[in-house]
There are 2 protein chains.
Amino acid sequence: MKETKNIAIVGAGLVGSLLSIYLAKRGYSVSVYERRLDMRKHNIHGGRSINLALSNRGIRALEKVGLADVLKANAIPMHGRMVHDENGNTNFQPYGKEGEYINSVSRGGLNMVLMTEAEKFGVEFYFEHRCLGIDFKENEITLQEYEAVKRKKFDVIIGSDGAFSAVRGAMQTTDRFEFSQSYIEHGYKELRIPASDTGEFLMEPHALHIWPRESYMLIALPNPDNTFTCTLFLPFEGPVSFSQLNSEETIKNFFEKNFPDAFTKMPTLLEDFRDNATSSLVTIRCYPWVRNKTLLIGDAAHGIVPFYGQGMNAGFEDCRVLDELLDEHQDKWKKVLPVFQEQRKPDADAIAQLALDNFIEMRDKVADEDFLLQKKIEARLHEKYPDRWIPLYTQVTFRDDIRYSEALAAGKKQQRIMDELLSRPGIKTSWKSLNLEEIINKL
Amino acid sequence: MKETKNIAIVGAGLVGSLLSIYLAKRGYSVSVYERRLDMRKHNIHGGRSINLALSNRGIRALEKVGLADVLKANAIPMHGRMVHDENGNTNFQPYGKEGEYINSVSRGGLNMVLMTEAEKFGVEFYFEHRCLGIDFKENEITLQEYEAVKRKKFDVIIGSDGAFSAVRGAMQTTDRFEFSQSYIEHGYKELRIPASDTGEFLMEPHALHIWPRESYMLIALPNPDNTFTCTLFLPFEGPVSFSQLNSEETIKNFFEKNFPDAFTKMPTLLEDFRDNATSSLVTIRCYPWVRNKTLLIGDAAHGIVPFYGQGMNAGFEDCRVLDELLDEHQDKWKKVLPVFQEQRKPDADAIAQLALDNFIEMRDKVADEDFLLQKKIEARLHEKYPDRWIPLYTQVTFRDDIRYSEALAAGKKQQRIMDELLSRPGIKTSWKSLNLEEIINKL
């Protein structure tokens, strides 16, 4: 008989819903409190991205509860980056080797599948329930449903309520809680490329499209209805910024000049631009993640910018790691919670940093000759020494057996070696005759 | 006729009370909301330090409203550091030149004088009023008094409600609000050295006493009743830490061994240690400080650690700077608020850094030979070139005409020069014959 029986999860987003399945499967009685309406019955956008990239860490976490196949069926594989230059010319850069790809999935679709699956395991969802506070000593949540406020006691409380977590808000007023929220200067706005008149994709569907323009960029991910959701990442203020795109004229000119091939495929550009919010991009760092029997998980513990496509994957990996620790320690939460945060915090910090760094790569370096040369040399190294030289993107995206913190450390080492190679005179022509063994031995 | 008439200040601490005087003197109708009881009628400790150091920036801000003389009468001048070694030997290090000193003042005494003075100018204080939230668009505060909750509208709202500001808490949920709270690994506990049997000071009263022990320290400031308030700064965890001082035996041994001369003067050590809380030390950084017509000021905008004795002084300087900007811009708050935050933020960041750095100086370097030699060389440079070489401590503490950010920058430059000098072979004997002109020209 387990001591811990009743678990509350605050937040029915992607991570909270998946976690509820994990915990219900372990035999817990799980209640999920969500402040929004049930998205299966109501049309909710909620200001979050429409689609996102599911990769190996996320898939592994879904596999463990038997859901990977269901979800992969609704996902669109993206095998690489399709880089668009100012003249509309494209250049395809594969993400990895044959069979290594990321998946464009619908946030809402995935979330709904997870909730419905959770209910099959007996998870109870309570919508329009807002967490007003937590009594960490008593393990009680103060919940508001319309005008009614009640306190409910649980054995364990888990906050998976996102970057603006109410559970974390309650922790923030406890003593010695390290916390920072930090925004980048860029915001983003979602736009749309429709299907063709005959219902086909207007661009290559099996790629993540990027229009890198150094200080800003446009990207596009395919949707199952053969449309693309585009996202413009641009500074809020400054000479080239959202603040300057303040008329139909300036918006039109900006797209026509900088993204000519996308522009011709965006008949609703002006309406989309007007109707869709400009959202901000935050990194959340905090510690500890545990107060007594309350735990933060996912974005609530480590909100990151989207440029490595790892936000959801990291949150799903949290669920898998927590489940493994519960196995290892026979569901003794008092033991598991501190071990979880100690083990997972360095990985959360690592992916937060990698995500910030990758913005520069996406918006600037992917169009850079040295970067492309480095990719070619790395591909050769990886081919010859598949277990010793693993490109950073591969480690983060396709190798769920490598911790984020290990990937970050290995990536730094590799970059130092590559910087030296690329600074050699004549490397642009001589790279094919590089002594790979000598390079690999520098690691 | 001014457009802005009604100003709310949240928090009746030192900064809020002084600011209310400034604003009442400008002709505003000022309401101050304080969640605690009136400390003039009730005995409140509130977990904050008993006494603190008032220096030139604070005095200048008090002078401007005619209060410096009143307060200096109740202050105890401290002309330097009295450094105590492990054997109880002492070494006095003056803070500056003749006439340059800091003042030990009672937090409660000063706060009460400021409130009573404010009332003379028509400021209304509302105690036991808690700020629950701010509507930044409408300039409305939601206030709770016992069970009653009401919204009140003002022309300007100012949050001077300290490091755990409720006004800042409301800002934190607005978009793109940069925020961090960061704790050092040390906590502190206040202890007491009583007066002698005949009512005299048991140590030199005109000094700030320090027992520097590298990774921790004890300090003592004099009080008007001829006692000293001691503060032990020690890590929370680790081999030498509060967590280890868990019995009367270990506490007694720790003090007897490390602070032998203080120990003999602390008859209530064990009771004090048991009864007084161990408090944490936080640095608060945030930006912006302004949302529409609501402003953060003092610790609410820039909470710092106490090691430069500048927390209150920085907050008082905020009031003086704000008052000057109101003069300059004819009380046009819409203009003044953004200018205030832009001008003041770099200074707040600078003193936050200086305060963290000075902990290392106080607990470690003041007992270091190189540090003492540097002080001697700097004193000679300052004597010969009083306007060109101003020691960093002097700039921060005695020169209210130099901004914190300027002091930090100048201090870095000076330190680079000093590091080079101190690395010269034989400097310990040859320092008196250094070519001062050559040194000053390096600046």
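Quick check, is B:Ile297 more than 14 Å from chain A (Cβ to nearest Cβ), touching a residue at least 12 places away in the same chain (Cβ under 8 Å), in contact with an Asp or Glu (Cβ under 6 Å, 6 or more places away or on another chain) and closer than 30 Å to B:Asp135 by Cβ? The answer is yes for B:Ile297. Reported count of residues in region B:24-35, each being in a loop (DSSP other than H, G, I, E, B) and surrounded by fewer than 20 Cβ atoms within 10 Å (Cβ to Cβ), is 3.
Taking the criterion of being out of contact with any Phe, Trp or Tyr (no Cβ under 9 Å at 6 or more places or on another chain), surrounded by fewer than 19 Cβ atoms within 10 Å (Cβ to Cβ) and modelled with pLDDT of 95 or more, the residues of region A:118-147 that qualify are A:Lys120, A:Phe121, A:Gly122, A:Glu124, A:Leu132, A:Gly133, A:Asp135, A:Phe136, A:Lys137, A:Glu138, A:Thr142, A:Gln144. Is it the case, given these coordinates, that A:Gly187 is crowded, with 16+ Cβ neighbours inside 10 Å and either within 14 Å of chain B (Cβ to nearest Cβ) or at positive phi (or both)? Yes: the conditions hold for A:Gly187. When only residues in region A:1-23 that are modelled with pLDDT of 95 or more and surrounded by fewer than 22 Cβ atoms within 10 Å (Cβ to Cβ) count, which is farthest from the chain's Cα centre (by Cα)? By that ranking, first place goes to A:Asn6. Does A:Asp161 satisfy the criteria of being acidic (Asp, Glu), in the same structural domain as A:Glu317 (by TED's automatic domain parsing) and touching a helix residue (DSSP H, G or I) at 6+ places or on another chain (Cβ under 6 Å)? Spelling it out, A:Asp161 is indeed acidic (Asp, Glu), in the same structural domain as A:Glu317 (by TED's automatic domain parsing) and touching a helix residue (DSSP H, G or I) at 6+ places or on another chain (Cβ under 6 Å).
When region A:36-47 is limited to residues that are surrounded by fewer than 18 Cβ atoms within 10 Å (Cβ to Cβ) and out of contact with any Phe, Trp or Tyr (no Cβ under 8 Å at 6 or more places or on another chain), the one that is nearest to A:Val282 (Cα to Cα) turns out to be A:Gly47.
Each row is one residue, and each column tells you yes or no for (1) out of contact with any Cys (no Cβ under 8 Å at 6 or more places or on another chain); (2) closer than 22 Å to A:Val290 by Cβ.
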residue: A:Val83; (1), (2): yes, no
residue: A:Met115; (1), (2): yes, no
residue: A:Cys131; (1), (2): yes, yes
residue: A:Ile141; (1), (2): no, yes
residue: A:Glu147; (1), (2): yes, no
residue: A:Lys153; (1), (2): yes, yes
residue: A:Ser160; (1), (2): yes, yes
residue: A:Asp175; (1), (2): yes, yes
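Of all residues in region B:198-208, at least one satisfies being of a type outside the set (Gly, Ala, Ser) and without any contact (Cβ under 8 Å) to a residue 12 or more places away in the chain. Residues in region B:141-191 that are free of Cβ contacts under 8 Å to residues at least 12 places away in the same chain and of a type in the set (D, E, K, R): 4 in all.
Contact map, region B:235-249: first residue assigned by TED's automatic domain parsing to the domain that holds B:Leu269, second residue crowded, with 16+ Cβ neighbours inside 10 Å and among the β-branched types (Val, Ile, Thr), Cβ cut-off under 7 Å, separation 6 or more or different chains; pairs are B:Phe242/B:Thr278; B:Leu245/B:Ile251. Among the criteria (1) within 14 Å of another protein chain (Cβ to nearest Cβ); (2) under 18 Å from the mean Cα position of the chain (by Cα); (3) of a type outside the set (Ser, Thr, Tyr), the one A:His209 does not fulfil is (1). Note on region B:184-209: residues that are within 20 Å of B:Asn276 (Cα to Cα) and either in a strand (DSSP E or B) or touching a Phe, Trp or Tyr at 6+ places or on another chain (Cβ under 7 Å) (or both) total 11.
Condition check ((1) exposed (fewer than 15 other Cβ atoms within 10 Å of the Cβ); (2) closer than 30 Å to B:Tyr33 by Cα) across all residues:
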site: B:Gly159; (1), (2): no, yes
site: B:Gln172; (1), (2): no, yes
site: B:Ile193; (1), (2): no, no
site: B:Pro205; (1), (2): no, no
site: B:Glu214; (1), (2): yes, no
site: B:Asp225; (1), (2): yes, no
site: B:Glu248; (1), (2): yes, no
site: B:Lys252; (1), (2): no, no
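Filtering region A:391-403 to residues that are within 13 Å of A:Gly58 (Cα to Cα) and touching a residue at least 60 places away in the same chain (Cβ under 8 Å) leaves A:Val396, A:Thr397, A:Phe398, A:Arg399, A:Asp400. Residues that are of a type in the set (A, V, I, L, M), within 14 Å of chain A (Cβ to nearest Cβ) and within 27 Å of A:Ala163 (Cβ to Cβ) number at least 1 in the following strands (runs of 3 or more DSSP E) confined to region B:89-183: B:129-135.
The values are calculated or read from the model by the stated rules, or taken from the named source; none is laboratory data. All of these numbers come straight from a predicted model, not from anything done at the bench. Here Cβ is always computed from backbone atoms with ideal geometry, including for glycine, and neighbour counts include all displayed protein chains.
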